[in-house]
Structures are given as structure tokens and as C-alpha cells.
1. Kindly provide the set of residues from the stretch 203-227 that are in a loop (DSSP other than H, G, I, E, B) and either over 16 Å from THR106 (Cβ atoms) or among the β-branched types (Val, Ile, Thr) (or both), ordered by number.
2. From the list PHE183, PHE132, which one is touching a strand residue (DSSP E or B) at 6+ places or on another chain (Cβ under 9 Å), in a strand (DSSP E or B) and in contact (Cβ under 8 Å) with a residue 40 or more places away in the chain?
3. What residue, among those in the stretch 24-47 that are β-branched (Val, Ile, Thr) and within 26 Å of ALA76 (Cα to Cα), is least open to solvent (accessible area, probe 1.4 Å)?
4. Under 7 Å between Cβ atoms, at least 6 apart or on separate chains: pull out the pairs that start in the stretch 84-100 with a residue that is under 19 Å from GLY176 (Cα atoms) and end on any residue that is open to solvent by 100 Å² or more (accessible area, probe 1.4 Å).
5. Based on this model, can you work out whether GLU197 counts as among the charged types (D, E, K, R), open to solvent by 20 Å² or more (accessible area, probe 1.4 Å), out of contact with any Lys or Arg (no Cβ under 6 Å at 6 or more places or on another chain) and part of a loop (DSSP other than H, G, I, E, B)?
6. Exactly one of these conditions fails for PRO68: (1) free of Cβ contacts under 8 Å to residues at least 40 places away in the same chain; (2) open to solvent by 70 Å² or more (accessible area, probe 1.4 Å); (3) assigned to a helix (DSSP H, G or I); (4) not small (Gly, Ala, Ser). Give me its number.
7. Would you say ILE21 is aliphatic (A, V, I, L, M), open to solvent by less than 80 Å² (accessible area, probe 1.4 Å), within 19 Å of the chain's Cα centre (by Cα) and outside the structural domain of VAL190 (by the TED database)?
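The values are calculated or read from the model by the stated rules, or taken from the named source; none is laboratory data. As the structure is a prediction and not an experimental result, all values here were calculated from the model. So basically every Cβ, Gly included, is an ideal-geometry build from the backbone, and we count neighbours across all protein chains shown. Keep in mind that these areas ignore ligands, DNA and RNA; they rest on the heavy atoms of the full protein, side chains included. Shrake-Rupley method; radii C 1.70, N 1.55, O 1.52, S 1.80 Å.
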Amino acid sequence: MANHSQLGFQDASSPIMEELIQFHDHALMVALAICSLVLYLLTLMLTEKLSSSTVDAQEIELVWTILPAMVLITLALPSLRILYMMDEINEPDLTLKAIGHQWYWTYEYTDFKDLTFDSYMIPTADLPLGHFRLLEVDHRVIVPTSSTVRVIVTADDVLHSWAVPSLGVKTDAIPGRLNQTSFFATRPGVYYGQCSEICGANHSFMPIVVESAPLPNFEHWSSSLSS
């Protein structure tokens with residue numbers, strides 16, 4: 001959960017999010033090096049006396065061709081690696097289907113029989129003490145900890161987007177189309193997200209709450225709902 005005056009990302013709760021944060025820091029360091037070099041050259045040009053001496057044009061062209069290519073390589077290689085990691089879904093332990101509506105979510109646990117429910121935001125007047133306003137829902141998504149969860153995302157009416165920042169998940173929900181993603185929660189906890197696609201007047205009132213629980217707790221919860 002993000003805090004007031006927080007400048008960085010939320011704490012990562014999945015391996016993919018840890019990789020994304022590391023790549024973000026890596027890209028910022030590259031950008032800092034480029035800005036420092038440009039600032040130094042500008043300062044040098046403004047403070048030094050003009051000179052008619054020039055460097056061989058071939059040497060200059062060689063430098064300003066190789067340096068940008070090296071910068072692009074240092075950014076492209078880790079970026080492609082993370083993209084392939086996010087696309088890999090190998091033998092998930094649980095499959096969850098998220099259906100976006102105006103303005104709530106419907107969840108179906110396809111590995112269980114008749115385990116489906118709607119998830120609505122709790123109005124501020126009914127919010128229990130200590131819960132987050134505009135983020136808490138009446139039915140949370142419960143998933144087992146340390147398990148690969150595949151999420152199939154679609155929509156019933158307009159475009160939505162199923163996003164949970166701490167888990168590194170953001171997938172568009174498109175009517176008539178099934179998109180899929182996955183996440184691996186490394187520790188028990190409650191993770192908050194929101195629809196990240198402008199879907200209408202109540203776009204900001206369809207939050208997402210994923211609760212990661214130990215496997216025995218998840219089995220007890222699923223059996224109580226299925227029975």
C-alpha cells in the first residue's frame with residue numbers, strides 16, 4: 001500500500017515486480033549519466049573560449065554513433081528479458097478469471113465448481129474502522145501464497161484494466177477478448193489495485209483487492225464457499 005509523500009514504488013511482493021523496480025533504477029542511472037554528460041558539455045561550451053581547432057570529423061561521428069548504440073543495448077537487453085519473463089505462464093497452480101463491469105469486478109475460480117462472486121467497493125458510510133477508503137471491497141480475491149496464479153481478464157461492456165502494482169500486474173480487459181497474465185505472491189498480505197482504464201463516470205470506484213493467504217487458509221476459504 002502506498003503511503004503519503006511516497007516517491008518510489010510500492011514494496012514488491014512478486015519476483016516480476018522486483019525485476020521491474022530494478023530495471024527502473026537501472027534506467028534512471030543511465031538517464032542520470034546522459035544528463036550529466038550533456039550538462040558538462042553545455043557548461044564547457046559556455047565557459048571556454050571559442051577555438052578554431054576542430055577534431056577529425058570521422059572520430060566525432062564514430063563516438064556519437066557508438067555511445068548511443070551502447071546506451072540502447074544497456075536498456076534493451078534487460079527490458080526484453082523482463083518482457084519474456086512476464087509472458088511466461090508455465091503450469092499455473094490456480095486459474096482466476098476476472099470480468100470487468102460498470103463498475104465492479106466478477107471473479108471466477110475455474111478450478112473449482114460454482115466458485116464465483118462479485119466484488120463491489122464498500123461505500124465510505126459502511127467502511128469498517130481502519131480500512132482504506134475507496135480501496136476496500138466487500139469480497140476480496142483470495143489466492144494461495146507461493147503459488148503461480150494465472151489471471152484471465154475480460155470485460156462485459158467497455159474497456160477496463162486489472163492492475164495490482166505490488167504484484168507487477170496490469171492487463172487490459174477487452175469485451176469479446178481473453179487476455180491472460182500471472183503473478184506469484186511471495187508473502188502473505190493484502191494488495192490493493194484499481195481499474196487502470198478510463199471506463200466511465202465511476203471509473204475510480206471499482207478497486208481490486210488481492211489477499212494472499214497460506215495454502216491451508218485458502219483451502220478452508222474455498223471449501224466454505226463451494227459447499
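1. Listed by number, the residues that qualify are PRO214, SER227.
2. The unique qualifying residue is PHE183.
3. VAL30
4. Taking only residues 6 or more apart or on different chains, the pairs are ILE99/ASP156; GLY100/ASP156.
5. Details: among the charged types (D, E, K, R): yes; open to solvent by 20 Å² or more (accessible area, probe 1.4 Å): yes; out of contact with any Lys or Arg (no Cβ under 6 Å at 6 or more places or on another chain): yes; part of a loop (DSSP other than H, G, I, E, B): yes.
The answer is yes for GLU197.
6. All conditions are met except number (2).
7. yes
The rows are residues; the columns are (1) assigned by the TED database to the domain that holds ALA213; (2) surrounded by fewer than 18 Cβ atoms within 10 Å (Cβ to Cβ); (3) of a type in the set (A, V, I, L, M, F, W, C).
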position	(1), (2), (3)
TYR104	yes, no, no
LEU115	yes, yes, yes
HIS139	yes, yes, no
VAL143	yes, no, yes
